[in-house]
Amino acid sequence: MTHEFAVSVDWDDHGRVIGAVPALDDCVAVGGDMDEMLERLEEEVRSQLAARGRLGEDDDIELVGFDLWTI
């Protein structure tokens, strides 16, 4: 099964990329670049879904629909 989640992306004052999944409470990750943030955000999504019993071993996570904002 594939789980799709929209992502909001922002940058902080230090140039770090901040990603959030609005559909999951407190699902946020920070990275030095977009790739690092997306990797960390996917791990956070997996963690939250597993804690809720909604993630199977073979399930995929797809982060889609990026909303980009600039501070």
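The values are calculated or read from the model by the stated rules, or taken from the named source; none is laboratory data. As the structure is a computational prediction, the values presented were derived from the model and not from experiment. Neighbour counts are summed over all protein chains in view; Cβ atoms, including those assigned to glycine, are modelled from backbone coordinates with ideal geometry. When the accessible area is computed, the model is the full protein with side chains, heavy atoms only, and any ligands, DNA or RNA have been set aside. Shrake-Rupley method; radii C 1.70, N 1.55, O 1.52, S 1.80 Å.
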**Asked** Once the Cα atoms of helix 34-51 and of the chain are each reduced to a long axis, what angle between those two axes, in degrees from 0 to 90 to the nearest 10, is obtained?
**Response** 30 degrees
**Prompt:** With the contact rule set at Cα under 8 Å and sequence spacing of 6 or more, what percent relative contact order holds for the chain?
**Reply:** 42 percent
**Prompt:** In region 1-35, which residues have a backbone nitrogen under 12 Å from the label point lying 7 Å from D58's Cα in the Cα-to-Cβ direction?
**Reply:** 1-2
**Request:** Of the DSSP beta bridges with both residues in the chain, give the percent that are antiparallel, rounding to the nearest 5.
**Result:** 55 percent
**Complete:** Kirkwood Rh for the chain from C-alpha pairs, in Å, is 12.3 Å
**Item:** Percent of Cα-Cα distances greater than 12 Å, calculated over region 1-40
**Value:** 56 percent
**Request:** Give the accessible surface of the chain per residue, rounded to a whole number of Å², with probe radius 1.4 Å and ligands, DNA and RNA excluded.
**Result:** 65 Å²
**Item:** Portion, in percent, of the accessible area of the chain that falls on carbon or sulfur, probe 1.4 Å
**Value:** 46 percent
